[in-house]
Structure formats: C-alpha cells, structure tokens
Amino acid sequence: MMAAGDVAIRTVELRKSYGRTVAVDGVSLEVRTGEFYGILGPNGAGKTTTLEIVEGLRRPDGGTVELLGSAPWGREPALMRRIGVQFQAAAFFDRLTAREQLRTFAALYGLGHGPADRWLERVGLDGKARTLTQDLSGGQAQRLAIACALVHEPELVFLDEPTAALDPQARRNLWDLLRSLNDEGRTVVLTTHHMDEAESLCDRVAIMDHGRVLVDDRPANLVRDLDAPVRVHLAPGRVDVVAARALPGVETAADDPESGLTLTTRTPSAVLTRLAELDALEGLQVRGANLEDVFLQLTGREYRA
Amino acid sequence: MSTWGSSFRGVGVALVKGFWRDRSAVFFSVVFPLMFLVLFGTLFDSTTSSRMTLLQVGDVAVLDDLDEGARGAFEQSFNVTREDDRAAALDEVREGDADVAVEMDGSTMVAHYTETDQVRAAMVQGTLSAFVNSANLAATGEPPRFSFRAESVEDDSLEVIQYFTPGLLGWAVAMSAAIGAAATLQGWRQTRLLHRIQLAPAPASAVVSARVVVTVLTALVQLTIFLAVAMLGFGLRLEGSWYLAVPLLVAGTLSFMAIGLLAGAVSKTAEGAVNTANFVVLPMAFLSGSFFVLDGAPQWLQTVSWVMPLRHLNEGMLDVLARRGQGLTAMLPQAGYVLGFGAVVGALAVVLFRRANG
Ligand SMILES: Nc1ncnc2c1ncn2[C@@H]1O[C@H](COP(=O)(O)OP(=O)(O)OP(=O)(O)O)[C@@H](O)[C@H]1O
Ligand SMILES: [Mg+2]
C-alpha cells in the first residue's frame, strides 16, 4: 500500500488516435494516493480512452503512464490485484445470478465466496442474490458491476460513469458508498456527467474536451477562479427594475412579469442589505456560480457528436 | 487456492451454468441431434419383420413334403397362409396384401407375384426357386455335392444403427463445439468481458482451459446420451475397442472449437459468429457422411470430403464402433489428422483475432 500523498497515477503527454479521430491529444495527469479524482468532459472528450490507457487495456500512440509505480501493460498479476475497474457498460458472464456473477469475479482473483457475498450485501443486492443479471434493473446492474470491481479490495478504483442511469435516490446512495471507499483510504478515479456529483465527491477534477485537459484543480478553486457574479432572484412586484439597477453593486437586472426580477452582483452582502431595507427578502433566492458554470464556460454550449 | 485453479474452476462453473440455462443451446447440442438418431433408428429398424406373405392355393407338394428342418427354414422367409379360392388369392397379391400366391400345375410350381415392388419380386423368385432346386435334389436321394452359406464380413450382429450413430454423434459434437467457441469469443469481446477478465490476475491459460474442458465434457455427455439411446432403443452393441471413440471424440472437439474460434475471429457480432459457425458445420456434416454414406458421390466430392476433419472423425468412429476388430492403428491416423487440422485453423484464428482487436 502506498502512503497518502504519493503519486498513484502519472501520465505524460498521452496520445491516441483511432483512424482520423484524435481521441486523446496530449493528456498529462497526476493523481495522488488517497485522492478522489474526477474526470469531466462532454461526450467523446476522451475520458474513457484515457482511463483505458491508464488501466493498460489500450496502448497509447505516444506518452507514458505510471500506475502505482509501474507501467500498466505487462498484465503484471501483482499490479492487477491492486486496481479495480468498472467499465462504462457492465461486462458480465451470461446467464448467471447476481451472487454467481460476483463469486466468479472473486474466483478470477483467487478468492472464495466470503468476499463475494460480503460485497453483495455492501452494495445492497443481497435481496437480489438469486436474480439473473439480465433481469436486474439498470441501477442494480450498475451496483453489481461496482461490486465486481471491488471484490478483491483494490487500493485504486476506476469507475467510468458509475451513476449513469441511476434515479436520484440510488445516485445519493451510491455517493455514500463511493465516499466510504475513499474514506477507507482507496484512491478513486471517476468519470461523470453530473457536476453536482463531482463537486460533492471529488477532491480534484480535470475537465477534458477534444482529447485535452482544459483545467485540473479543486472544484472550489475552479468556481472561485471563474469569478462569476452571484445571481439574486426576487419575487414579482417587490422592486421596480429601474430602482434595482440603481442599487450600488448591481451589475445587471432583468425583469420577467411571471417569474420576477433577476439581478447579478459581485458584492452580494451589500446588495442583500439594501434589499432587506427595501423589504424585498420574501421569496428571494441567491445562487452562486457552481462547477456547471465552469464546465459550460470552458466547453461551450454546443452539442457534441 | 491458487489463482490458476480458482479461475479455472470459477470460469468453468460459470460456463456450465450459462450453457445449461441456455435452453436453445441445450436443444441444439443434445435434443436436436437425438431427434435425428431416433428418426433414423425408427426408419431403418432392422428388427421389423422382413418375412414375405405367401398364399398357398390348394395342395402344393413342394411345400407340403418339406421335412421338419426345411419347413422351419422356409418359414423364416415366408409367412404361409392357405387360401383355396384362387381368384381371391390373386386379388390379394394384385392389391399388395400378399407378396406371392403359389399353386401346383402338374409337377410345376407356379408363383404369382406383382412387379410393383421389384426388389421383393426378385426375392420371392430367388427364394422359391432355391427351395424347388433343393427339393429336386432331395428327391434324387443323393447327398448334395456342393453347398452354400452366406456370411457378412462384419458380423451377423451388425445393424444399421452401428453405422449412423457415429456420424450423427460427430455432427452433434461439431455443432455444439464450434458454436460454443464462436459465441463465447465474440460474445465476450462484444460485452467487453474479455477486456474485463484481462484486467484480473487470472491467467489466460486458466480461462482458455476452462472453456476447453467444459466443451470436452459437453461432448462426452453427448456421447453418453447417444450411446445410451442407441443401445437401449435400437440395439447398438459396443464391442472390440469401442472405448477408442472417447479419445477420438476429444480430438474432434478440439478441432471443431478451432473452427468456431475462426468463425468468431472473422465475425463482428456474436450472432454473426454463430451463423458463420453453422454455415461451416452443416455443409461439413453432409460432406463428411454424417447423414448418408458418400460411396456413390463423385470423385471430386470425395476428395473435398477428406479435407474435412469431421470426415476423418466419422471414419475413425466407424472403425472403432462399427467395423469390429479395428483398433488403435485405424484410429490414430484419423485422430492425428483431426488434431493437425485443429492446430492449423486455431493458429489462424488467433492471428486474425489479434489483428482485428489490436
Ligand atoms: N474503439 C474505438 N474505435 C474508434 N473510435 C473510438 C474508439 N473508442 C473511442 N473512439 C473515439 O474516440 C473519441 C473519444 O471517445 P471516448 O470513449 O474516450 O469518449 P468519452 O469522453 O468517454 O465519451 P462519453 O462521455 O460519451 O463516454 C470519440 O470520438 C470516439 O468516437
Ligand atoms: Mg466514456
């Protein structure tokens, strides 16, 4: 086991093309041991390809990878035991029940039934032990795939969109599980399209687009660096739009007869004090910038192929 | 437990369960070929009576004067009924209800038969004239100078079932081994289970061995069921070195798995792989004499047929199951060809698969 703070993953200038598609275009990342690391990016940004190069499944056209201190493409059994991988689309044996599935994966690591049955319970599927995998719901199958990635207690876990297709309850539920994995000292690398998820779980995130890493920092730092104004929303009829624009610190004000008035400001406390004096606080909502704003500002609003 | 042993067992158990729960796989590898065995067995059942019905009109001296032993021999070939109404007897023959009607015309025995079934007509003529000849001979009081006895070169116990059980079994094993290998390779590639297994410390040899052993066990189960049904239902007899069928079948299974791997390697989907495997196995079965003997086929077809591993497997199985006295020396060259064919095709499959999957 590596000590916290050591480098768990280091990639330098990774490149990978499929024909004329450049999937990964010079990615350099560093993930420290014990870190919860998120990779964000629009569809086709190169997240999965990057992960699979790091895992040793795909050979890059250029660049180097260091995974827990070694190169990943030797299929070194000792290294394989230290990492756990969940693919974006679950990969299961045909026509096995949830329990059999997990036991088979345990067997691939030389483990008996004990760990398999423990993990089945830990992801909340002991009630579905005898259900065939193909009859599980999308969220249950996702949890089973995660359990299969963890059954051998790896110290470094790769999860490719683990919460895709989950309902809000199941997603929060899974967050707790992922947090507990990280609390146990495991390094977690996760890709996701949910910004709230990355903001809530990740110590650090990299935002990718077109095969490149655009930024790589703590979510809070990214939001702060965005330096976006705070948006204040007032109930209809509280303050006149002309008066609002005249308030000190207000940058813009826009009125909508149905939903009310929206102000932007970089000095929210001063503006809120004035609004309190005008008795306009009832129904008021304040929304600061978040990771989604950072994401959209960096990657734009265009659809991706 | 070692990782090798545990992976081998784990994957093996998973494959057995996956196979057993796949009703259509079980149907096509066991039930479907067995249906053919039962069908052929019933069609060619040699225990049904081949005795001919003979109507005797009036007194027929040749028959009435037969001594005890000759009468017994005669009744093995003919089922004799007395019908003294001549017209009625001829009508019965005409309508096919009886094979022949005999009457005496002076010292000549006249047999009335129909030409509709020429084989039977010939048998009636031949057998009756033989009896008349021997009756003539007996009337002279001299002992016969020459006698005749017919013996089949195989064994008089040999029946048709001995011939088509090996062929149908070869087809059944070829089908399930090739399709199983093709479906596993492409299925696992498509769902990326192959990649997922690569990321575990399980040795590749353990996973491959599990697949091979499960397929071989399946073939042995097919062998057992086939032999049991053929023996209990249709009188198949296991004699001589029949047990050499087991190593032969194992060699065949490996070879057919290689064909399946090749089908998997050149296909893009699991369904495509299964269809390709089927596309190869069915014509191969016809060309290898699994369904009918190829003795009458043109020379070029015979040549093509001897390229097929199934042809060699079928011949080897016939040698040890049907042609008594044939043993190891008959079986080894066939098994050798089958294994060599498998090795070449398997190596080709590995090369093509590696190329297609980076
Ligand atoms: N095996 C492959 N063959 C050809 N092109 C590929 C292959 N894998 C990925 N690509 C291409 O590489 C690019 C990056 O794909 P990748 O799967 O890494 O994206 P991603 O960021 O994971 O996207 P998503 O959020 O949709 O999962 C895409 O344009 C994709 O079409
Ligand atoms: Mg992806």
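Of the numbered criteria (1) farther than 30 Å from residue A:22 by Cβ; (2) touching a residue at least 40 places away in the same chain (Cβ under 8 Å); (3) surrounded by 12 or more Cβ atoms within 10 Å (Cβ to Cβ), the one residue A:268 fails is (2). Residue A:70 satisfies every condition listed in (1) more than 16 Å from ligand 2 (Cβ to nearest atom); (2) at pLDDT 95 or above; (3) over 18 Å from the mean Cα position of the chain (by Cα) except (2). Tallying residues that are free of Cβ contacts under 8 Å to residues at least 40 places away in the same chain and surrounded by 15 or more Cβ atoms within 10 Å (Cβ to Cβ) within region A:272-305 yields 1. Whenever a residue of region A:14-36 is in contact (Cβ under 8 Å) with a residue 60 or more places away in the chain, its partners that are open to solvent by 80 Å² or more (accessible area, probe 1.4 Å) and within 15 Å of ligand 2 (Cβ to nearest atom), lying with C-beta atoms within less than 8 angstrom and at least six residues away or across chains, give the pairs A:22/A:210; A:25/A:210. One residue alone among A:188, A:242, A:271 is under 30 Å from residue A:63 (Cβ atoms) and more than 16 Å from ligand 2 (Cβ to nearest atom), and that residue is A:188.
Just wondering, is there one or more residues in region A:209-227 that are within 16 Å of ligand 2 (Cβ to nearest atom) and within 11 Å of the chain's Cα centre (by Cα)?
No: region A:209-227 contains no residue that is within 16 Å of ligand 2 (Cβ to nearest atom) and within 11 Å of the chain's Cα centre (by Cα).
Please determine whether any residue of region A:124-133 is aliphatic (A, V, I, L, M), under 19 Å from residue A:176 (Cβ atoms) and either more than 8 Å from chain B (Cβ to nearest Cβ) or open to solvent by 10 Å² or more (accessible area, probe 1.4 Å) (or both). Yes, region A:124-133 has at least one match. For residue A:56, the conditions (1) away from ligand 2 (no atom under 16 Å from the Cβ); (2) more than 8 Å from chain B (Cβ to nearest Cβ); (3) small (Gly, Ala, Ser) all hold with the exception of (2). One residue is enough: does region B:75-95 have a residue meeting the conditions touching a helix residue (DSSP H, G or I) at 6+ places or on another chain (Cβ under 8 Å), open to solvent by 30 Å² or more (accessible area, probe 1.4 Å) and assigned to a loop (DSSP other than H, G, I, E, B)? Checked against the condition, which is being touching a helix residue (DSSP H, G or I) at 6+ places or on another chain (Cβ under 8 Å), open to solvent by 30 Å² or more (accessible area, probe 1.4 Å) and assigned to a loop (DSSP other than H, G, I, E, B), region B:75-95 yields at least one hit.
Take the residues of region B:3-47 that are outside any helix (DSSP H, G or I) and modelled with pLDDT of 90 or more: which is nearest to the other protein chains (Cβ to nearest Cβ)?
Filtering region B:3-47 for residues that are outside any helix (DSSP H, G or I) and modelled with pLDDT of 90 or more, the one nearest to the other protein chains (Cβ to nearest Cβ) comes out as B:21.
Under the condition of being outside any helix (DSSP H, G or I) and of a type in the set (Lys, Arg), the residues counted in region A:104-159 number 1. For region A:68-81, residues that are outside any loop (DSSP other than H, G, I, E, B) and more than 7 Å from every other protein chain (Cβ to nearest Cβ) total 6. Test residue A:9 against the criterion of being more than 11 Å from ligand 1 (Cβ to nearest atom), surrounded by 21 or more Cβ atoms within 10 Å (Cβ to Cβ) and β-branched (Val, Ile, Thr), and give yes or no. Criteria met by residue A:9.
Only a single criterion out of (1) open to solvent by less than 10 Å² (accessible area, probe 1.4 Å); (2) not in a helix (DSSP H, G or I) is not satisfied by residue B:294, namely (1). If residue B:256 passes every condition in (1) of a type in the set (Phe, Trp, Tyr); (2) surrounded by fewer than 24 Cβ atoms within 10 Å (Cβ to Cβ); (3) more than 14 Å from every other protein chain (Cβ to nearest Cβ) but one, which one does it miss? Result: residue B:256 fails condition (2) only.
Is it the case, given these coordinates, that residue B:355 is more than 14 Å from every other protein chain (Cβ to nearest Cβ), over 29 Å from residue B:40 (Cα atoms) and assigned to a helix (DSSP H, G or I)? When the stated conditions are applied, residue B:355 passes them. Flag: residue B:335 does not match the condition of being in the same structural domain as residue B:171 (by TED's automatic domain parsing), farther than 19 Å from residue B:216 by Cα and open to solvent by less than 20 Å² (accessible area, probe 1.4 Å).
Residue A:102 meets the conditions (1) within 14 Å of chain B (Cβ to nearest Cβ); (2) away from ligand 1 (no atom under 16 Å from the Cβ); (3) surrounded by fewer than 18 Cβ atoms within 10 Å (Cβ to Cβ); (4) of a type in the set (A, V, I, L, M) in every case but one. The failed one is (3). On the stretch given as region A:15-52, residues that are within 14 Å of chain B (Cβ to nearest Cβ) and within 13 Å of ligand 2 (Cβ to nearest atom) total 5. Of all residues in region B:186-232, exactly one satisfies the criterion of being open to solvent by 10 Å² or more (accessible area, probe 1.4 Å), more than 10 Å from chain A (Cβ to nearest Cβ) and touching a Lys or Arg at 6+ places or on another chain (Cβ under 9 Å), namely B:231. Across region A:170-182, not a single residue is classified as open to solvent by less than 40 Å² (accessible area, probe 1.4 Å) and within 16 Å of ligand 2 (Cβ to nearest atom). Run residue A:72 past the list (1) within 16 Å of ligand 1 (Cβ to nearest atom); (2) in contact with a Gly (Cβ under 6 Å, 6 or more places away or on another chain); (3) under 22 Å from residue A:146 (Cβ atoms) and report the number of the one that doesn't hold. It is condition (1) that residue A:72 fails. In the set (1) out of contact with any helix residue (DSSP H, G or I) (no Cβ under 6 Å at 6 or more places or on another chain); (2) open to solvent by 10 Å² or more (accessible area, probe 1.4 Å), the condition left unmet by residue A:209 is number (1).
Of the residues A:31, A:54, A:24, the single one that is β-branched (Val, Ile, Thr), farther than 30 Å from residue B:11 by Cβ, crowded, with 22+ Cβ neighbours inside 10 Å and within 16 Å of ligand 1 (Cβ to nearest atom) is A:24.
Every test in (1) surrounded by 14 or more Cβ atoms within 10 Å (Cβ to Cβ); (2) closer than 23 Å to residue A:43 by Cβ; (3) not polar (S, T, N, Q) is passed by residue A:250 save one, and that test is (2).
Of the helices (runs of 4 or more DSSP H) entirely within region A:192-305, those holding at least 1 residues that are under 21 Å from residue A:163 (Cβ atoms) occupy A:195-201, A:219-226, A:291-299. Residue-level check: of (1) more than 9 Å from chain B (Cβ to nearest Cβ); (2) buried (at least 22 other Cβ atoms within 10 Å of the Cβ), residue A:84 misses just (1).
The values are calculated or read from the model by the stated rules, or taken from the named source; none is laboratory data. Just so it is clear, the structure is predicted and the values come from calculations on it, not from any experiment. Neighbour counts are summed over all protein chains in view; Cβ atoms, including those assigned to glycine, are modelled from backbone coordinates with ideal geometry. These area figures cover heavy atoms from the full protein model, side chains too; ligands, DNA and RNA do not enter into them. Shrake-Rupley method; radii C 1.70, N 1.55, O 1.52, S 1.80 Å.
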